[in-house]
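This report concerns only the one structure given below.
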Amino acid sequence: IDHLHKILSSLKMPFEIIVVNDGSSDGTRQKAESSNKVRVINQPVNSGYGRAIKTGIDASCHSCIGIVDADGTYGIDQLPLLVKKMEEGFDMAVLSRKNILKMDKPLKRFFRRILILFINLFISAKIEDPNSGFRVFRKELVMIFYPFLCNTFSFTTSITIFAMGEGYFVSFVPGEFFERKGKSKVRHFRDSLRMIQLIFQGITYFNPVKFFLILVLMLIFCVGFPAVIISAYGWNNLANYFVIIGTASILLIGLGVTVDILRISYTSKIDKKNLLS
């Protein structure tokens with residue numbers, strides 16, 4: 001907190017530091033509240049990384065917001081580089097961890113590369129580090145996609161994909177990543193599934209043609225081609241069952257996402273036109 005306050009003070013701009021204590025039980029609340037340099041928001045129970053960020057965003061009083069993890073993995077000294085990018089007109093500036101793959105374990109490194117490749121192909125953009133936890137962005141940008149942003153560790157990935165997919169200006173600033181203090185609570189399989197669900201929801205809401213094109217491709221490559229191969233081996237009945245079950249499953253996925261989008265559309269209090277005006 002002291003280091004962050006010193007860096008922000010050197011920028012000669014109005015600021016506030018918000019610490020969101022997400023139901024911790026290790027003395028974080030007491031240590032944060034002992035500082036007169038921050039505003040502490042306490043959540044009664046642990047509700048997730050993304051939910052904590054949303055709480056901080058809702059409580060913020062400035063139009064430009066920065067987030068950073070409190071585990072010592074990011075160098076606060078690099079904050080002025082991100083602020084400079086925002087002053088140049090970018091909607092979001094992200095610290096791209098140039099050494100993150102070297103620090104990952106082999107299995108995690110493999111899946112991270114797959115994730116980045118999938119995302120870049122998915123939205124036809126060059127995303128260097130989709131889930132970096134150190135970034136600065138405009139508050140109105142987040143509020144536009146607010147209903148689709150994850151309450152767990154996929155929050156940063158989701159906002160990166162939506163921002164770049166919708167043509168907002170995003171800058172990736174290379175920087176160092178350091179060993180974390182404490183144990184990570186990331187659940188990769190669960191959080192990845194949740195992230196994929198929210199990405200599909202966001203794409204359907206902002207670009208429905210792309211989502212249904214994805215469903216068509218899934219039908220062709222995940223149902224059609226395998227069924228042809230199975231039939232070629234003479235297992236016609238099995239091929240028929242595969243087509244019926246596979247087609248029904250993909251169509252139900254599409255129907256489920258569409259219905260959920262209708263729910264979000266009717267219940268969301270976010271008015272994009274008012275936010276941009």
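Here are a few things to note about the model shown:
- Protein accessible area in segment 130-169, 1.4 Å probe - carbon and sulfur %: 54
- Packing-based order for 9-18, 60-69, using average beta carbon neighbours within 10 Å, highest first: 60-69, 9-18
- Rolling a 1.4 angstrom probe over the protein heavy atoms with all chains in place gives segment 1-47 an accessible area of 69 Å² per residue.
- I1/S60 FRET efficiency (R0 22 Å; Cβ-Cβ; nearest 0.05): 0.85
- Relative to the current alpha-carbon distance between N151 and L117, full extension at 0.36 nm per residue lengthens the span by 9.9 nm.
- Part-to-part distance (alpha-carbon centres) for segment 68-94 and segment 1-67, which is given in Å: 16
- Ordered from highest to lowest accessible area with the whole protein assembly present and a 1.4 Å probe, F178, F242, F137, F90 read as F178, F242, F90, F137.
- Prolate/oblate/rounded call for segment 216-264, Cα gyration tensor, a/c under 1.5 rounded: prolate
The values are calculated or read from the model by the stated rules, or taken from the named source; none is laboratory data. Quick caveat: nothing in here was measured; it's all calculated off a predicted structure. All Cβ positions, even for glycine, are placed from backbone atoms using ideal geometry, and neighbour counts span all protein chains on display. Side chains are part of the model used for accessible areas, which takes the heavy atoms of the whole protein and leaves out ligands, DNA and RNA. Shrake-Rupley method; radii C 1.70, N 1.55, O 1.52, S 1.80 Å.
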